[in-house]
Amino acid sequence: ARTLLAILRLSTALARLRIVDQVEKEDVNEAMRLMEMSKDSLKQQQAPTNRGKKDVDVIYDLIRSIAEGSKTLKIQDIRDRATSKGFKPDQVEKCLDDYEELSVWQLNQARTKLTFIS
């Protein structure tokens, strides 16, 4: 309940920064990203698990956790999840490209779907 209230307040504040009276989906997404980053920063202080790992590898781990055994994923879902974890779009694209070159997965021509290679 507290997290939901915090997201609501952050979303409202972000809308006010843009000088509008209505909260939009982007405001909520950014508020959720900020909350996630805040929680992650606390976790990193307690237990530095990703220390020494490259961003590309952390994003790869995130993609594998999103897949949960599924063979295909929507690229937009990956981008949204990675952004909410604090990664920049160019970092996500680099990960997608790097692991495609390693033949871990394939991206369709429109770059909307990722398919894992067995």
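Brief remarks on what is shown
- Correct choice for Rg/Rh (Cα atoms, Kirkwood Rh) that was computed from the model, options [x] 1.01; [y] 0.98; [z] 1.04: [z]
- Contact order, relative form, for the chain: 22 percent (alpha carbon pairs under 8 Å, 6 or more residues apart, mean separation divided by residue count).
- The range 55-103: trypsin sites (Lys or Arg not before Pro) in DSSP loop, at most 16 other beta carbons within 10 Å: Lys71, Lys85
- A run of the chain free of exposed loop cleavage sites, with GluC sites (Glu not before Pro) counted only in DSSP states other than H, G, I, E and B and at most 14 other beta carbons within 10 Å, reaches its longest extent at 69-118.
- Within straight-line cross-link reach of Lys113, lysines at Cα separation under 30 Å, skipping those fewer than 8 residues along the same chain: Lys25, Lys39, Lys53, Lys54, Lys71, Lys74, Lys85, Lys88, Lys94
- Per residue of the chain, the DSSP helices (runs of n ≥ 4 H) give a summed -39500 (n - 2.57) that works out to -20500 deg cm²/dmol at 222 nm.
- Label zone at Thr112, where the point sits 7 Å out along the Cα-to-Cβ direction: the range 53-87 residues whose backbone N lies under 17 Å: 72-80
Only the coordinates and a few stated rules stand behind these numbers; no lab work does. Quick caveat, the model's predicted, so the values are computed rather than measured. Every residue, glycine among them, receives a Cβ derived from its backbone with ideal geometry; neighbour counts consider all protein chains shown.
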